[in-house]
Amino acid sequence: MNSAYEVFALRYATLKWSRSKAYHCYGVYGEEDSSCDLDYYFWLVRNGERTVLVDCGFDDERGGARNRLQQTSPLELLSRMGTRAEDVDHVVLSHMHYDHIGNIDLFPNATFSMARAELEYWTGPYSDRPTIAWPVESEEVRMVQQLASQERLELVENSYELFPGLVLTQVPGHTPGQLVAEVSSASGRVVLASDAVHFYDEMNLDRPFSTFHDLAAMYRSYEMFRDLDARPDTLVVPGHDPDVTRKFEVVADQCIDLTRPVDLDERPRSEAELVEAAHRLAQRPRHC
Ligand SMILES: [Zn+2]
């Protein structure tokens with residue numbers, strides 16, 4: 001049985017943002033503030049046997065109320081990859097924030113998974129406090145509870161092999177039950193960090209993101225991701241970083257193949273390779 005997966009990042013929105021908003025206590029670094037993009041992705045993981053999504057993006061209307069606009073609908077992005085909504089067997093809900101669970105009603109044949117700690121936190125005693133509740137939509141929390149009552153929701157504790165070659169692990173810090181998906185592909189292991197690492201700089205420079213549940217746990221998680229990313233067969237993919245589109249092959253508009261890293265230092269040898277490299281560069285979207 002071949003359980004190696006294809007893994008794609010699908011980018012459905014981009015927000016113009018700033019580093020002082022992205023990083024906790026940005027002033028301590030003594031750097032001028034500068035603009036940066038916050039990209040919004042969800043991820044398609046599939047092989048001959050199953051089609052899995054990791055997250056499903058924000059809802060167009062509820063996102064709009066937060067001044068977050070879908071630039072391409074999730075279903076349009078899936079269709080570019082030849083996947084229909086009804087083909088999706090399972091959706092991993094990495095955490096409860098609105099930009100990750102907004103479209104669960106689009107996938108009629110899917111079962112879902114979420115960490116038990118995540119569901120318990122967002123339905124727990126302090127979940128309605130405004131300083132806690134702002135990144136979630138109460139209607140969407142109810143939709144997740146409804147999935148549980150329909151027996152369509154698997155609750156994950158610690159680490160769990162969802163399917164052969166697809167392991168979910170709880171990595172606290174950003175939220176109490178943030179899940180990370182480790183996927184076996186033909187080119188090695190792809191770690192979909194989702195919001196356990198929004199930007200490469202969190203992991204590489206040890207700079208905490210601005211929103212978190214447990215700061216020390218988030219630092220611990222960054223250490224773990226640095227160790228993982230240092231392994232020759234493993235690539236950690238952040239959940240909101242525009243650099244993902246530069247570090248991997250773009251195979252269709254806003255669709256990035258995470259099993260095909262681009263060697264940015266590569267020096268093409270033949271004329272044909274030069275033409276091919278120029279073509280690839282021309283197709284690559286640009287960011288600040
Ligand atoms: Zn997010």
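The values are calculated or read from the model by the stated rules, or taken from the named source; none is laboratory data. Since the structure is predicted, the reported quantities are computational estimates derived from the model, not experimental observations. Here the Cβ is made from the backbone with ideal geometry for all residues, glycine too, and neighbour counts use every protein chain on show. SASA here: full protein model, heavy atoms, side chains in, ligands and nucleic acids out. Shrake-Rupley method; radii C 1.70, N 1.55, O 1.52, S 1.80 Å.
Beta bridges per DSSP, both residues in the chain: antiparallel share near 70 percent. In the chain, helices alone account for a calculated mean residue ellipticity at 222 nm of -7500 deg cm²/dmol, with every DSSP H run of four or more residues adding -39,500 (n - 2.57).
Rounded to whole numbers, the Karplus 3J(HN,Hα) couplings from phi for segment 5-17 are 9, 7, 9, 10, 8, 10, 9, 10, 6, 9, 10, 6, 9 Hz, using 6.51 cos²θ - 1.76 cosθ + 1.60 with θ = phi - 60°, and x at Gly and Pro. Here the calculated FRET efficiency for ARG260 and TRP134, from their Cβ-Cβ distance with R0 = 41 Å, stands at 0.65, rounded to the nearest 0.05.
Accessible area per residue of the chain at 1.4 Å probe, in Å²? List each step's numbers first, then the result.
Working: 13350 Å² over 288 residues.
About 46 Å² of surface per residue is accessible.
In debye, nearest 20, what is the charge dipole magnitude of the chain about its Cα centre with +1 on Lys and Arg Cβ and -1 on Asp and Glu Cβ, if you could check? Don't skip to the answer; put the middle values down first.
Working: 28 positive and 48 negative charges, 59 e Å.
I would put it at about 280 debye.
Taking Cα centre as origin and charging only the Cβ of basic (Lys, Arg, +1) and acidic (Asp, Glu, -1) residues, the dipole magnitude of segment 21-82 rounds to 280 debye.
Classify segment 32-78 as rounded, prolate or oblate from the Cα gyration tensor: take a ≥ b ≥ c as the square roots of its eigenvalues, call it rounded if a/c is under 1.5, otherwise prolate when a/b beats b/c and oblate if not. In terms of gyration-tensor shape, oblate. The share of accessible area on segment 19-99 that comes from carbon and sulfur is 43 percent, using a 1.4 angstrom probe.
Note: relative contact order over the chain, using C-alpha pairs below 8 Å and six or more positions apart, is 19 percent. Near the amide H of SER18, within less than 5 Å, lie the amide hydrogens of CYS36, all on another chain or at least 5 residues away, with H placed in the peptide plane. Annotation: amide H-H contacts under 5 Å for VAL92 (H modelled 1.01 Å from N, sequence separation of 5 or more, or interchain): LEU53, VAL54, ASP55, SER113. Since only VAL167, GLY124, SER35 are under comparison, the one whose Cα sits farthest along the positive direction of the charge dipole of segment 6-283, derived from C-beta charges on Lys, Arg, Asp and Glu, is SER35.
Counting other Cβ atoms within 10 Å, keep those with at most 14, restrict to DSSP loop, and tell me which GluC sites (Glu not before Pro) in segment 116-184 are left. Spell out each step's value before the answer.
On the way: sites: GLU118, GLU120, GLU137, GLU139, GLU140, GLU151, GLU154, GLU157, GLU161, GLU182; in loops: GLU137, GLU151, GLU157.
Counting only loop positions with at most 14 other Cβ atoms within 10 Å, the GluC sites (Glu not before Pro) in segment 116-184 are GLU151, GLU157.
Counting only protein heavy atoms and using a 1.4 Å probe, the accessible area of TYR200 comes to about 20 Å².
Out of segment 89-172, which chymotrypsin sites (Phe, Trp or Tyr not before Pro) are coil in DSSP terms and have no more than 10 other C-beta atoms within 10 Å?
On the way: sites: TYR98, PHE112, TYR121, TRP122, TYR126, TYR160; in loops: TYR126.
Passing sites in segment 89-172 are TYR126.
Couplings 3J(HN,Hα) of segment 119-134, computed from phi: 4, 5, 5, 7, 10, x, x, 10, 5, 8, 5, x, 6, 9, 6, 4 Hz, in residue order, whole Hz [Karplus 6.51 cos²θ - 1.76 cosθ + 1.60, θ = phi - 60°; x for Gly and Pro]. Under 5 Å between amide hydrogens, built in the peptide plane, is the criterion, and for GLU249 it picks out ASP257, ARG260, VAL262 among residues at least 5 positions away or on other chains.
So what's the chain giving for Rg/Rh, alpha carbon basis, Kirkwood Rh from the mean inverse pair distance? Ratio of gyration radius to Kirkwood radius for the chain: 0.95.
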